[in-house]
1. Please compute, over every Cα-Cα pair in the stretch 173-227, the percentage with a separation greater than 13 angstrom.
2. Which stretch or stretches of the stretch 259-280 have amide N atoms under 12 Å from the point lying 7 Å from residue 249's Cα along the Cα→Cβ direction?
3. At a threshold of 8 angstrom on Cα-Cα distance, excluding pairs fewer than six apart, so keeping six or more, what relative contact order does the stretch 119-230 reach in percent?
4. Fully extended, how many nm does the chain gain between residue 257 and residue 146 (0.36 nm per residue separation, minus their Cα-Cα distance)?
5. Per 0.36 nm of contour for each residue apart, how much would the distance between residue 306 and residue 161 grow if the chain were fully extended, relative to their Cα-Cα spacing?
6. At q = 0.07, 0.12, 0.13 Å⁻¹, what is the base-10 log of I(q)/I(0) for the chain according to the Debye formula with one equal point scatterer per Cα and no solvent? Please give it to two decimals.
7. Quick one: pull the percent of accessible area on the chain belonging to carbon and sulfur, 1.4 Å probe, ligands and nucleic acids left out.
8. Run the simple label-point estimate for residue 176 and residue 242 please: 7 Å along Cα→C-beta, distance reported in nm.
Amino acid sequence: MKYKILVVLLLFNYIQGISQETFKLRDISRYSVYTIEEVTLYMPDYDAEIKNPMYEGVYNEGVKEFIVNYKDILIDLDYAETLKGKEGRKLRKSLNIRKSEILSKYAPYFNGLKSKWHFVGVDFNSPSLLEESKKVLKKIEGTNLSAKHLTENELLNKIPKKRVTFKKLIYLGDKSNIKGDYYIADRIKVSYSYNPDDNTYKDQILEGDKDYSKYGIYNYFKSVDGSGTDFYNSDIDIYDPYAVERKPKKLTSKEKNIVNKMKIYKKEMNYLVDKIAEYRSKTKTAYDATKKGQALQKKVEALYDNNDDNYYDFMQLLDMDTKEVMVEFNQVLRGAVILFGL
């Protein structure tokens, strides 16, 4: 039974593939291609508390270290005071030397902060130095920031990380097995930045119906018979004949009529371009050709009802040579119309 279900599914997938338009890729080396993997990475924790430190945080770590070390030495000195005799004196002497070393080590931090009007009236040998240091640290830690207001570089370097598992777009280096016929099986949304608003990460596959704000669309190119590597890409235009080799489209009677008329109009375009080009020596000839060109342009526009929504489909019916002639004709005609003030 399981075997029959598997066969049915494989057959369904195959039929689904060949039922859509298929094509071959001409030069895949010009494009970046990707696959999807589920990964677990350390990513910015958008919900973490983030501070905007004063003085760009230059003094923060030094003051933190001082508080820890100075607190420990004071505890040890309190203990040493309970010891009597030679042992107590020896320990107190050693600890006081260590205390002086700590004060000397962190003096640059205190002097720098004092020059910015912190520790006002506080002597560095004062018993209140520890508590004053805690107050100053709290102040220079700064105010809370929202991850939404940080740049991508700040998100990656200034806020804590957490382990996150998500589906990620991964660059596919080996293109050697991208071969044979393909079709577009699906389209996906991919986040193109770290975005606290959407709680998403760069290159993350976006799923569900949520209205994400920063994403790109990638097509899923699937091998028709499974012999080629399936991949994702965002910029291969399957209607670009330089990129894709498509099977000839089966035309309707209306489309055949358009193609046949354009074969006639193409010859007329080439003829009129040559005549318009004689405007320096044969002005009357060029002027008449321009007038005829305007009339011909209207005939071409009538083929797609002079409607921008129909223009794209109209252009897909034309071969590359006809498109190139049409582009040249339109450019030359535009210039002649301006020249003759028509």
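The values are calculated or read from the model by the stated rules, or taken from the named source; none is laboratory data. Here the structure is a predicted model, which is why all the values come from computation and not from measurement. Neighbour counts run over all protein chains shown; Cβ positions are idealised from the backbone, glycine included. These area figures cover heavy atoms from the full protein model, side chains too; ligands, DNA and RNA do not enter into them. Shrake-Rupley method; radii C 1.70, N 1.55, O 1.52, S 1.80 Å.
1. Numbers: 955 of 1485 pairs.
When every Cα pair of the stretch 173-227 is considered, 64 percent fall beyond 13 Å.
2. Label zone hits: 259.
3. Numbers: 127 pairs, mean separation 27.0, N = 112.
With pairs under 8 Å counted, the relative contact order is 24 percent.
4. On the way: separation 111, 0.36 × 111 = 39.96 nm, distance 6.18 nm.
Full extension from residue 257 to residue 146 adds 33.8 nm.
5. Numbers: separation 145, 0.36 × 145 = 52.20 nm, distance 5.62 nm.
Between residue 306 and residue 161, full extension yields 46.6 nm more.
6. These q points yield log10 I(q)/I(0) values of -0.65, -1.03, -1.10.
7. Values: 11150 of 22140 Å².
Looking at the chain in its full context, I get 50 percent from C and S.
8. Spacing of the two 7 Å Cα→Cβ label points: 2.9 nm.
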